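The values are calculated or read from the model by the stated rules, or taken from the named source; none is laboratory data. Quantities reported herein were computed from a predicted structural model and do not represent experimental measurements. Here Cβ is always computed from backbone atoms with ideal geometry, including for glycine, and neighbour counts include all displayed protein chains.
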Amino acid sequence: MTAISTSNASPALGGAAPDVLDVSGTRPIPLTRLIRVEMRKMRDTRAGTWLLAIIGVVAVAVMVGVSVFGDKDDRTFFNLLGVASVPLSFMLPVLGILLICSEWGQRTALVTFTLTPHRGRVLAAKVVAALLFALGAIAVAAIPAAVLALVGGAGDPWADVSVGILGRVLLAFVLGVAWGLAFGAALLNSALAIVAYFLVPTLISIVGGIWSSLSDKIIWFDLNQSSSTLYGTDAMTGSDWAHIGTGVLLWIVLPGAIGTWRVLRSEVK
Amino acid sequence: MISFENVSKRYGGFTAVDDVSFVARSGRVTGFLGPNGAGKSTSMRIMAGLTLPDRGVATIGGHRYADIPNPGRHVGILLDASAQHAGRTGREVLTITAMTMGLPESHVDEMLETVGLTPAEAKRRVKNYSLGMRQRLGIANALIGKPSVLILDEPANGLDPAGIHWMRGLLRDFAAEGGTVLLSSHLLHEVEMIADDMVLIGRGKIVAQGAKHELLRTAGTFARAEDPALLAKVLADAGISAAPSGDGGLRTEAEPVAIGRAAAAAGVVLVELRPAEGAGLEEMFLQLTASDARETVTHEGAAA
């Protein structure tokens with residue numbers, strides 16, 4: 001026998017399988033597939049299904065409510081979208097949090113990271129999946145908003161609608177999801193991350209209320225307040241953008257960086 | 001083939017895995033045996049690329065795990081049967097794994113059948129599963145990519161005797177087709193039933209390894225007399241060293257015939273005389289891991 005083998009194993013009956021695994025025929029897992037898997041994982045649990053269903057139902061319900069009880073002239077597409085965006089901006093970050101944290105809480109990260117031993121790719125897939133859900137949420141809000149605006153009888157159902165304005169709404173949604181993702185990754189615990197996410201703005205406004213000398217400056221740290229201008233129709237000023245910028249640095253970039261480090265490095269138990 | 005070369009991992013001041021080297025060969029079922037906290041799970045996590053070792057190299061078929069593209073197609077891993085989303089159905093768990101690996105849904109049905117989960121059970125959520133059902137689901141999850149290497153951490157945990165019997169058949173067949181199987185257990189009995197080769201670990205260090213029958217062979221003879229103290233004295237007089245073992249028994253390296261002769265010559269009534277097979281291995285396991293186990297083993301054994 002002249003077979004090249006580094007094994008000193010005793011000759012097995014019938015010849016053992018080769019000691020080197022031939023992986024040349026195996027293609028790596030494409031990112032698009034990981035994204036599809038992450039989107040499925042968001043939908044296939046009761047918590048996820050309910051969250052998505054509630055997001056959709058509440059968004060539509062508030063728009064129908066405004067159409068029924070509101071002034072005729074309020075039934076414009078942009079007004080309705082703005083009404084729907086209140087519950088959406090509230091719930092989309094929770095979706096981002098769950099997308100990351102359920103892997104740790106339910107310990108499925110053990111399986112996820114063994115099937116894909118490149119955590120950066122998994123994290124990237126989760127971020128893309130969350131953003132796609134945000135886009136989906138806008139579609140869910142925009143289509144009924146358009147229908148209700150058309151039948152609502154407002155003088156100009158399409159008032160204030162422009163690409164720039166819709167882009168701002170989209171950006172606000174994306175920021176909300178990114179905020180959730182960042183808190184989720186930094187804390188790796190759904191309950192903690194959700195509480196922190198809802199507590200932070202309240203605490204900031206309390207601080208602003210007590211410490212009146214600070215109340216002018218608080219907008220630099222209060223991303224909820226600063227990003228709410230994105231839903232308005234007034235032109236954004238440079239300082240509006242600067243306020244959002246510092247808020248993003250503090251509440252998205254910083255926890256996002258900590259979270260990325262934790263996801264990539266932490267021991268999965 | 002799974003290979004561990006001088007792998008060490010420390011957590012703060014605690015050395016979980018201490019210069020561990022061993023090989024799990026293809027075509028064999030290798031049992032990784034040790035008390036709880038001995039370093040089995042840490043070693044398996046290092047194999048799966050979840051934990052980076054401080055020193056040493058762990059390879060599977062010559063590759064580091066993270067370098068294997070779509071690793072589930074080559075290496076099936078079950079690290080913790082409970083690490084599944086409680087809200088997903090068993091079928092959904094397998095569907096996600098199949099989807100990640102790029103496999104058709106038909107593999108899911110095939111695997112459910114292989115591990116004996118009925119369609120009705122597969123529709124239930126994992127939180128309603130018994131530990132045994134979770135183990136079956138975890139094994140299906142490991143097998144679904146048709147791998148040639150299997151790494152299973154405590155797979156027999158929670159299985160009933162029939163389940164263990166089933167798993168033995170499954171793993172035997174897998175190895176017979178040239179596959180490599182490494183399974184861990186803290187129960188000697190399980191490993192003894194399933195494995196061809198054994199690696200014993202205690203306090204992060206390998207304490208013994210080899211083919212099961214070779215490890216068994218070192219066990220010597222077990223003898224029990226009507227009057228244990230008298231037998232001990234007789235054997236000592238005959239120059240046969242023996243150690244107390246079990247309930248009033250003695251274990252010795254001597255052949256059974258030598259014990260029988262010595263007893264007959266002195267008129268000692270033997271009630272048991274046999275090769276100290278399982279009991280001997282158990283004793284070795286207890287001895288080798290005595291200092292690491294939480295319970296102290298009272299009897300001293302002959303040198304291993």
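I'd like the full set of residues that are within 14 Å of another protein chain (Cβ to nearest Cβ) and not in a strand (DSSP E or B), limited to the stretch B:148-159.
Matches in the stretch B:148-159: B:SER148, B:ASP153, B:GLU154.
Filtered by the rule that a residue be crowded, with 19+ Cβ neighbours inside 10 Å, more than 7 Å from every other protein chain (Cβ to nearest Cβ) and either over 17 Å from the mean Cα position of the chain (by Cα) or within 17 Å of A:GLY105 (Cα to Cα) (or both), the stretch A:30-49 gives A:GLU38, A:MET42, A:GLY48.
Residues in the stretch B:48-72 that are of a type in the set (A, V, I, L, M, F, W, C) and at the interface with chain A (Cβ under 10 Å from one of its Cβ atoms): B:ALA48, B:LEU50, B:LEU52, B:ILE60, B:ALA66, B:ILE68.
Only one entry in B:ALA162, B:ALA142 is of a type in the set (A, V, I, L, M), more than 14 Å from every other protein chain (Cβ to nearest Cβ) and either more than 27 Å from B:ILE2 (Cβ to Cβ) or in contact with a strand residue (DSSP E or B) (Cβ under 7 Å, 6 or more places away or on another chain) (or both), namely B:ALA162.
Does B:VAL57 qualify as being crowded, with 24+ Cβ neighbours inside 10 Å and within 24 Å of A:ASP19 (Cα to Cα)? Spelling it out, it is not the case that B:VAL57 is crowded, with 24+ Cβ neighbours inside 10 Å and within 24 Å of A:ASP19 (Cα to Cα). When B:ALA263, B:ALA195, B:ALA254, B:ALA242 are checked against the criterion of being assigned by TED's automatic domain parsing to the domain that holds B:VAL23, small (Gly, Ala, Ser) and in contact with a strand residue (DSSP E or B) (Cβ under 9 Å, 6 or more places away or on another chain), B:ALA195 stands alone in meeting it.
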